[in-house]
1. Pairs please, first residue from region 33-47 and farther than 19 Å from Tyr90 by Cβ, second anywhere and crowded, with 16+ Cβ neighbours inside 10 Å, Cβ atoms under 7 Å, 6+ apart in sequence or on different chains.
2. Could you list all residues from region 237-275 that are over 18 Å from Glu218 (Cβ atoms), more than 27 Å from the chain's Cα centre (by Cα) and at pLDDT 90 or above?
3. Among the residues of region 185-206, is any open to solvent by 40 Å² or more (accessible area, probe 1.4 Å), under 23 Å from Gly91 (Cβ atoms) and not in a helix (DSSP H, G or I)?
4. How many residues are in a helix (DSSP H, G or I), within 14 Å of Val110 (Cα to Cα) and either without any contact (Cβ under 8 Å) to a residue 12 or more places away in the chain or open to solvent by less than 70 Å² (accessible area, probe 1.4 Å) (or both) when one looks only at region 165-178?
5. Identify the residue in region 93-109 that is touching a Leu at 6+ places or on another chain (Cβ under 9 Å) and open to solvent by 40 Å² or more (accessible area, probe 1.4 Å) and, among all such residues, is farthest from Gly144 (Cα to Cα).
6. Would you check if there is a residue in region 156-164 being more than 19 Å from the chain's Cα centre (by Cα) and open to solvent by less than 30 Å² (accessible area, probe 1.4 Å)?
7. Name the single residue that is least open to solvent (accessible area, probe 1.4 Å) among those in region 118-136 being out of contact with any Asp or Glu (no Cβ under 8 Å at 6 or more places or on another chain) and aliphatic (A, V, I, L, M).
8. Looking only at region 137-155, filter to residues that are aromatic (Phe, Trp, Tyr) and open to solvent by less than 30 Å² (accessible area, probe 1.4 Å); which one of those is nearest to Leu9 (Cα to Cα)?
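The values are calculated or read from the model by the stated rules, or taken from the named source; none is laboratory data. Bear in mind that the values here come from a model prediction, so they are computed numbers and not experimental data. Heads up, the Cβs are rebuilt from the backbone with ideal geometry, glycines too, and the neighbour counts pull from every protein chain shown. These area figures cover heavy atoms from the full protein model, side chains too; ligands, DNA and RNA do not enter into them. Shrake-Rupley method; radii C 1.70, N 1.55, O 1.52, S 1.80 Å.
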Amino acid sequence: MAIITISRLMGTGAYQIAKDVARRLKYSLVDGARISELARAYGISPEALQQVDEKPPVSITNDDQRHAAHLSTVELLLLESCRAGNVLIYGRGGQDLLAGMDNVLRLRFVAPFDERVENFAEREWLDPDLARTLIRKSDQQRGGFIHFYFDRDWNDPLGYDLVFNTSRLSPGAIAENIISAVRDPELSSTEADSLRLLEDKILCKRIETELLRSGAVEYLHFTTEVAMGHVTFSGHVHNEAERMSAISIAKGVTGTVRVIDHLHVVEYRRYRGQQ
């Protein structure tokens, strides 16, 4: 059946619904706890995961490439989790990470701010003022994460197939709607093409991750596209050594059939201002 992704505002009760849907459909739920379990096998420490999990960068520093490498590894983890099918991706920009795949049911959970504060305060036994602060911070971080990394307004309803206002519908009714929607033949009819696209996404993310981890290439200045194992680099690098390193790294990743090089070497010089 189709992959499910969930985007949610804090305090909507989305997590309990996600667990119920995953249990009833016998889906694997890839949430924060599951990502933490898998992260070490991908070489991500708990500290690194905490820094990048659904958070935009807080500043521009020399650690940008390392930060990007950790995030790229988390995205690779998510993509590879989708391979087996019957998976529910909870948060983490899943709907955008799987863009272009037609066998994905993209869900969004919303509710009025004050109601979310009340729900969260009651659930966590928090002072309402603290709950209000935490929810506002969560909204800013998660929205900023989607905007920075996927260049999309996470409140745009066109980014989702179904948007649920949990103040208007019961958890049971929402779960029934999701289960009915995920069984729509329109979603399963595109599964073969979507799986091929998923493999391209996985290879692309593996290459991006290796490039970022290598330190041999300032990767932020060029893009990688993959189609049926054919890898295309576009953009620029700082010198010929970076260009050759990028090509070599891509060729060394399992699944690469051919590397198409459209990289341009653009050398930068630093000039001192007049005294």
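1. Correct list of pairs: Gly43/Thr73.
2. Hits for region 237-275: nothing passes.
3. No, that holds for no residue.
4. Within region 165-178, the first condition is being in a helix (DSSP H, G or I), and the residues that meet it are 171-178.
If we keep only those that are within 14 Å of Val110 (Cα to Cα) too, we end up with 171, 174.
Applying the additional criterion that residues be either without any contact (Cβ under 8 Å) to a residue 12 or more places away in the chain or open to solvent by less than 70 Å² (accessible area, probe 1.4 Å) (or both) yields 174.
The number of residues fulfilling the criteria is 1.
5. Top of the filtered list is Asp102.
6. Among the residues of region 156-164, at least one is more than 19 Å from the chain's Cα centre (by Cα) and open to solvent by less than 30 Å² (accessible area, probe 1.4 Å), which makes the answer yes.
7. Step one: filter region 118-136 for residues out of contact with any Asp or Glu (no Cβ under 8 Å at 6 or more places or on another chain), giving 118-120, 122-127, 129-130, 132-136.
Filter again for aliphatic (A, V, I, L, M), leaving 126, 130, 134-135.
Values: Leu126: 49, Leu130: 82, Leu134: 66, Ile135: 0 Å².
Top of the filtered list is Ile135.
8. Within region 137-155, the first condition is being aromatic (Phe, Trp, Tyr), and the residues that meet it are 145, 148-150, 154.
Then keep just the ones that are open to solvent by less than 30 Å² (accessible area, probe 1.4 Å); that gives 145, 154.
Numbers: Phe145: 13, Trp154: 10 Å.
Here the residue is Trp154.
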